[in-house]
Amino acid sequence: MAAASSPEKINEDRRKRVLIGTLPQDFLRISDTSQQQQESADQQAAIALQQQMYGSPFVQNAAGRLNITIGQAKLVKNYGMTRMDPYVRLRVGHCVYETHTDPNGGKNPRWNKVIQCLLPQGVSSIYLEIYDECSFTMDELIAWAKVPIPQAVLSGETHEDWYPLSGKQGDGLEGMINLVLSFSTAPVNPYFYPAGAVAPVMMVPSVNNTMFGIRSCAPVQVYTQPPQPEANGAQFSEQDLKQIEEMFPNMDKEVIKSVYEANRYNKTGAVNSLLLMAE
């Protein structure tokens, strides 16, 4: 039987296996999975789409600013073995918003969340869904409702009411939700959200879309900044676009072009927006 190695011999063997010199840049880094890469690409696409949507035509098509306060809900049943963790997803026109989750809110969740959004011309109703946030499975849809915007609100009055919710129990039988609505035609900056307000959520579609096209989408929270002031007579420049692409070699060229167009061919504004996306 061979004699046991001495401590000195063991340490010497360990030193031979130690990496000496400059460590590689990817040392101890875990490469992104294909799913993480897809999520990153979806987020970039969502930002570009939102910047396009909040361009001048969208703002010009807005009838005014709609303020929605989502107060609380009274649900008829707690689904699951534990108290539910409900949150609200709201759609106004093509914009989707979410409240925070009320942990252990159960049948009586409270949010008291203010949402300020642009109300597009011709939109007379808002749609909402209440979900139970789940840790290991897809969030479960609890209830939903279509809420007509009262004419009194569009005339400048503040309106508070309880609206019936539909769900597994039947139409209008899943409980009630408390909303406060007000409307203003004053000019509004769509990129400004005061304290407590909620920025829109861009929904990246998944394979199984249901209801009004957002239930099984993956939400990407996007906070944007207003486009930089447009240069006098700014026009599309192939050279500027090429320079921007060289500055962001790892970013999809279609996304770069969309951001460049959304900033109305303002090179500085496009670069600033892309830097925010790359953070």
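The values are calculated or read from the model by the stated rules, or taken from the named source; none is laboratory data. Source: prediction; values computed, not measured. Neighbour counts run over all protein chains shown; Cβ positions are idealised from the backbone, glycine included.
Identify, please: which residue in the range 138-186 is polar (S, T, N, Q) and touching a residue at least 40 places away in the same chain (Cβ under 8 Å) and is, among those, nearest to A73 (Cα to Cα)?
The extreme case among them is N178.
Filter the strands (runs of 3 or more DSSP E) completely within the range 73-174 down to those with at least 2 residues that are closer than 27 Å to N61 by Cβ and touching a Cys at 6+ places or on another chain (Cβ under 9 Å).
Filter on the range 73-174 gives 86-92, 95-98, 110-120.
Here are some residues: V76, V96, V88, V92. Which one is among the aliphatic types (A, V, I, L, M), under 29 Å from H159 (Cα atoms), surrounded by fewer than 16 Cβ atoms within 10 Å (Cβ to Cβ) and at pLDDT 85 or above?
The unique qualifying residue is V76.
Search the range 237-256 for residues that are free of Cβ contacts under 8 Å to residues at least 24 places away in the same chain and pair each with any residue that is loosely packed, with under 14 Cβ neighbours inside 10 Å when their beta-carbon atoms are under 8 Å apart and the residues are at least 6 apart or on different chains.
Partner pairs satisfying both residue conditions: E245/K253.
Considering only residues that are assigned to a helix (DSSP H, G or I) and modelled with pLDDT of 85 or more, which ones fall in the range 237-255?
Hits for the range 237-255 are E238, Q239, D240, L241, K242, Q243, I244, E245, E246, M247.
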